[in-house]
Each structure stands twice: as structure tokens, then as C-alpha cells.
Amino acid sequence: MEKMPKLYVEVPKEGCIENNKASRDCLIIMNNVEVWLRKGESIPEFIDVEKARFLAKEVYDRFYLYVDRLEGRMEVDAVLVLPDGRTRIYLRKGDELLLLPVEGYTKTLIANVGNRVRTGDVFAAVTTKKGEVHYLKPPKTGTVVFIDEITNRPHYVYYILPEE
């Protein structure tokens, strides 16, 4: 089974710390310093909790809750940690995402989360009931940050963070 990325989303400080200890896995960012804490670990003394930003670990499958799907913009700051444990994707509140639907009789997902897709690259293939195969290509180069499976209509939506 494939490992899932980890998702950290912005929360108020009370959503991350209690009595100077982490109440859940969280990330504290102050200026250019990142402190990754597991539940129960103490906050380092050099962190000023009034100036720091707090991101708490969230279930990755809930990523879509933090995106305005009408405008395709992030509603909070977020960090994705890919399964390799080293690669991180930083998303800022207001970042615009490309939401690309994959609908058809059968669907083949080619690009996965963390993959960079260029304008001419194929990220998915769709087969129609007539047997025609259509290859889907993104309008802009970017990185796949989430693939949402819509259950009431069997199709997928790719969330791609475009490069500037």
C-alpha cells in the first residue's frame, strides 16, 4: 500500500499547545525557524508563542476542506510532507490551485501527489464508452498536491499548485 503524505494546516495556538506542551503533532514557524513537535513535547524556550504561527497535523484526505473550490484558492496556510519525509510543499493562504477534473467511463491516473507536471505532460487518461482514449494535460506547469475522489459521481479532481 502506498504511503500517504502528511498534512499540517494553520490553527490558532490553542489548537496546538496546552501548558507549553504540544497537544497534538504540530509545526511551529517563527521567522525562518521551523520546530516540529510530537504530541506531549515541550516548546523550546526561544519560541515566542505570540509571534509564531502554528500548523497542526490533519488527516490528509481532508485537504479539500481547506480549498475554496469555486475560486480554487487555499483558505489557510498548509504544509504537505511527502512520504519520503524530506520533501515539503508549502501552500500559503490565497495560493491559487488548478482544479482539473478527470471524468469518463474508465480513468487512469498517471501523475501522483508530489509529481511535477509540465504543460505538455499527460497526468491522466480517460476512456470513453466507445473505447476512445483521451489524454489530459494541464494548462500550466505545476506540482500535484492532492487527488480528490468524488464518490457521488465516480471521477477524480486533481489539485495542482502552478509554478509562477
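Could you check, for the stretch 43-59, whether at least one of its residues is open to solvent by 40 Å² or more (accessible area, probe 1.4 Å) and assigned to a helix (DSSP H, G or I)? So far as the stretch 43-59 goes, no, none of its residues is open to solvent by 40 Å² or more (accessible area, probe 1.4 Å) and assigned to a helix (DSSP H, G or I).
Hey, among the residues in the stretch 1-23 that are without any contact (Cβ under 8 Å) to a residue 40 or more places away in the chain and under 16 Å from residue 36 (Cβ atoms), which one's most open to solvent (accessible area, probe 1.4 Å)? Looking at residues that are without any contact (Cβ under 8 Å) to a residue 40 or more places away in the chain and under 16 Å from residue 36 (Cβ atoms), I get 21.
Please find, within the stretch 1-54, the residue that is farthest from residue 91 (Cα to Cα) out of those that are within 21 Å of the chain's Cα centre (by Cα) and of a type in the set (Asp, Glu). Filtering first and then ranking leaves 2. Looking only at residues in the stretch 110-164 that are among the β-branched types (Val, Ile, Thr), in contact with a Ser or Thr (Cβ under 8 Å, 6 or more places away or on another chain) and open to solvent by less than 60 Å² (accessible area, probe 1.4 Å), the one that is farthest from residue 93 (Cα to Cα) is 127.
Just one residue in the set 63, 46 is of a type in the set (Phe, Trp, Tyr), closer than 12 Å to residue 146 by Cα and at pLDDT below 95; that residue is 63. Residues in the stretch 111-162 that are without any contact (Cβ under 8 Å) to a residue 40 or more places away in the chain, aliphatic (A, V, I, L, M) and closer than 17 Å to residue 87 by Cα: 144 alone.
The values are calculated or read from the model by the stated rules, or taken from the named source; none is laboratory data. Because the structure is predicted, anything quoted here is derived from the model rather than measured. Positions of Cβ are backbone-derived with ideal geometry, glycine not excepted, and every protein chain shown enters the neighbour counts. Just so you know, the surface numbers come from the protein's heavy atoms only, side chains and all, with ligands and any DNA or RNA stripped out. Shrake-Rupley method; radii C 1.70, N 1.55, O 1.52, S 1.80 Å.
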